[in-house]
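Scroll down for the structure; my scribbles are underneath it.
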Amino acid sequence: MKKFVCLLLTVCAAALCITFTACEKKSKTAVSEYEIFASYDSENKKLTGTVDFTYYNSTDNEITDIKFNLYGNAFREDATYKPVSQSYTNKAYYAGASWGGMSVEQVENCAGWNIGGEDENILTVTLLTPVYPEESAEIRISYALELALVNHRTGVTENSVNLGNFYPTLCAYSTEGFIECNYYYCGDPFVSECANYSVTLDLPQGYTAATSGKLKNESSADGRKKCTYTLENARDFAAVLSDKFQVVSKNVNGVEVSYYYYSDSSPQVSLTAACESVEYFSSTFGKYVYPTLCVVETGFCYGGMEYPALTMISDELDSDNNVYTIVHENAHQWWYAMVGSDQLNSAWQDEGLAEYSTLMFFEEHPSYSFTRTGIIGSATKSYRAYYTVYNQIFGETDTSMNRNLKDFESEYEYSNIAYNKGLIMFETLRKSIGDDKFTAGLKKYFSSNVYRLASCEDLLGCFINGGNDLEGFFDSFIEGKIVI
Ligand SMILES: [Zn+2]
């Protein structure tokens with residue numbers, strides 16, 4: 001059941017591990033910057049905004065065109081790639097069919113722009129002049145985001161407004177150019193690089209915003225309020241709005257951890273799980289780098305969803321799954337937010353690690369109802385059932401772990417490969433090399449890759465370079481040869 005919950009939350013896969021060249025090698029401040037102003041119209045369920053974007057060229061190439069993912073456009077009626085699978089449609093679209101979309105109204109200070117990509121999901125902006133490495137250029141994008149009634153990352157739920165991926169997001173840059181992300185319903189079809197944010201939300205007075213950023217300014221006038229938040233060196237910025245939020249907070253080693261809720265009858269239990277997991281992961285893997293973390297109860301068709309310094313937690317979970325999901329999503333602050341990876345092509349890299357980190361947390365916190373043995377047993381049982389079912393249906397089962405999100409047949413297959421097989425691989429690795437080397441490898445992976453997009457090789461190298469003969473071990477899992 002806990003698997004069922006988490007299984008649907010996040011992603012990464014891969015036949016090819018792309019080499020990222022972007023923000024990683026530059027100094028901490030040499031990143032692009034978003035200055036976003038977004039105004040929410042609660043009556044029309046619409047966000048209108050501007051993005052003053054400073055593009056910093058962290059590549060080794062001269063750049064003439066930059067590309068942005070328009071994730072919000074996946075929610076339009078005629079989208080080719082639907083953000084919700086058929087099996088989750090009723091749960092997600094709680095009020096029946098509903099559509100949204102992201103439109104770009106104008107791009108200023110550029111030589112031209114167009115909307116394209118495979119699914120009207122990419123904004124391409126031609127810069128006035130080429131931008132050379134370590135130089136920058138500024139543009140302004142005016143856009144609108146229509147919100148569907150949907151319990152998903154971007155949409156109006158029954159008690160809240162989920163603003164994940166709510167602005168045009170610069171595509172990550174790889175050796176093959178800017179990476180265009182199609183909105184596959186399996187996993188988290190996002191890859192982005194770290195940037196600095198200043199975000200001003202203009203809201204009806206009665207609304208409270210939980211966001212990825214730290215509040216800098218707040219002012220009120222004419223029944224509206226404007227709140228400005230900042231966040232540095234983060235690969236995304238998200239918010240959840242509600243006119244029903246209550247909030248409990250606690251400072252954990254200098255980090256303001258807040259839990260926003262509207263129906264949770266045990267908010268202190270949820271806050272405690274959030275705080276304990278931040279404390280445990282900080283001491284086990286490395287320091288949490290952002291000043292705040294918001295854990296937010298909201299309408300969501302899966303268990304939860306991670307963004308930098310903000311996690312969305314479904315309001316439909318029972319108490320055990322609520323705690324499990326909070327810990328899993330908080331683990332993503334380390335494996336996704338701070339250490340990024342290719343969520344399109346190697347989903348196991350952050351999902352498997354988030355699952356295994358969750359196991360480690362519960363192992364050290366026996367007062368909760370989850371155990372190492374129980375979590376491994378449940379994952380193994382689920383994985384074997386998947387293997388048997390797929391063998392019966394297809395005559396064989398592809399259990400390779402590095403594949404694109406589009407190459408998964410279903411969320412069922414995806415969750416068993418990215419979550420369960422990923423979890424089992426890390427458990428087998430830990431048993432093979434011992435607890436000390438295992439934890440040392442994860443610490444090294446974190447410290448060497450914080451703020452970066454880490455490749456599979458970056459992760460596996462932290463164990464292989466410890467003097468362990470593990471190439472064959474990893475190959476057997478990732479290529480799908482091992483029998484579990
Ligand atoms: Zn996850």
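If you go through region 282-322 and keep only what is away from the ligand (no atom under 15 Å from the Cβ), among the aliphatic types (A, V, I, L, M) and crowded, with 24+ Cβ neighbours inside 10 Å, you end up with 293, 296, 309.
Taking the stated definitions as given, is residue 147 aliphatic (A, V, I, L, M) and surrounded by 15 or more Cβ atoms within 10 Å (Cβ to Cβ)? So residue 147 fits the description; yes.
Would you check if residue 114 is exposed (fewer than 15 other Cβ atoms within 10 Å of the Cβ) and part of a strand (DSSP E or B)? Judged against the criteria, residue 114 is a match. Being farther than 30 Å from residue 173 by Cα and among the hydrophobic types (A, V, I, L, M, F, W, C) holds for only one residue in 240, 257, 289, and it is 257. If you take the residues of region 206-252 that are of a type in the set (Asp, Glu) and more than 25 Å from residue 191 (Cβ to Cβ), which of them is surrounded by the fewest Cβ atoms within 10 Å (Cβ to Cβ)? Result: 222.
Residues in region 312-329 that are in a helix (DSSP H, G or I), closer than 21 Å to residue 256 by Cβ and in contact with a Phe, Trp or Tyr (Cβ under 7 Å, 6 or more places away or on another chain): 323, 327.
Is it the case, given these coordinates, that residue 410 is touching a helix residue (DSSP H, G or I) at 6+ places or on another chain (Cβ under 9 Å), hydroxyl-bearing (Ser, Thr, Tyr) and within 28 Å of residue 391 (Cβ to Cβ)? Criteria met by residue 410.
Checking each residue of region 352-360 against the condition of being under 20 Å from residue 406 (Cα atoms) and either assigned to a helix (DSSP H, G or I) or in contact with a Cys (Cβ under 7 Å, 6 or more places away or on another chain) (or both) gives at least one match. For residue 392, the criteria (1) among the polar types (S, T, N, Q); (2) within 25 Å of the chain's Cα centre (by Cα); (3) more than 30 Å from residue 280 (Cα to Cα) hold in every case but one, which is (2). Filtering 232, 176, 193 for residues that are modelled with pLDDT under 95 and in the same structural domain as residue 153 (by TED's automatic domain parsing) leaves a single hit, 176.
The listed residues are 343, 268, and the only one of them that is within 13 Å of the ligand (Cβ to nearest atom) and modelled with pLDDT of 95 or more turns out to be 343. Sub-6 Å Cβ pairs linking a first residue in region 328-353 that is under 21 Å from residue 475 (Cα atoms) to a second residue that is near the ligand (Cβ under 9 Å from one of its atoms) and of a type in the set (Ser, Thr, Tyr), at least 6 apart or interchain, are 350/336; 351/10; 351/419, ordered by first then second residue. Going by the conditions given, is residue 302 in the same structural domain as residue 155 (by TED's automatic domain parsing) and not in a strand (DSSP E or B)? Here the answer is yes, as residue 302 does meet what is asked. The condition of being assigned to a helix (DSSP H, G or I) and in contact with a Ser or Thr (Cβ under 9 Å, 6 or more places away or on another chain) holds for only one of 477, 463, that being 477.
Before we move on, is residue 257 in a strand (DSSP E or B), within 29 Å of residue 34 (Cα to Cα) and not acidic (Asp, Glu)?
yes
Of the listed requirements (1) over 16 Å from the mean Cα position of the chain (by Cα); (2) assigned to a strand (DSSP E or B), residue 366 misses just one: (2).
Would you confirm whether or not region 93-102 contains a residue that is outside the structural domain of residue 402 (by TED's automatic domain parsing), over 24 Å from residue 155 (Cα atoms) and modelled with pLDDT of 95 or more?
No: region 93-102 contains no residue that is outside the structural domain of residue 402 (by TED's automatic domain parsing), over 24 Å from residue 155 (Cα atoms) and modelled with pLDDT of 95 or more.
Is it fair to say residue 334 is out of contact with any Phe, Trp or Tyr (no Cβ under 6 Å at 6 or more places or on another chain) and within 14 Å of the ligand (Cβ to nearest atom)? No; evaluated as a whole, the condition is false for this residue. Is region 132-145 home to any residue that is within 12 Å of residue 65 (Cβ to Cβ) and more than 23 Å from the chain's Cα centre (by Cα)? Yes, the conditions are met somewhere in region 132-145. Annotation: residue 240 fulfils all but one of (1) without any contact (Cβ under 8 Å) to a residue 40 or more places away in the chain; (2) closer than 30 Å to residue 204 by Cα; (3) more than 16 Å from the ligand (Cβ to nearest atom); the unmet one is (1).
The values are calculated or read from the model by the stated rules, or taken from the named source; none is laboratory data. Everything quoted here is computed from the prediction, not taken from an experiment. We place every Cβ from the backbone using ideal geometry, glycine too, and count neighbours over all the protein chains shown.
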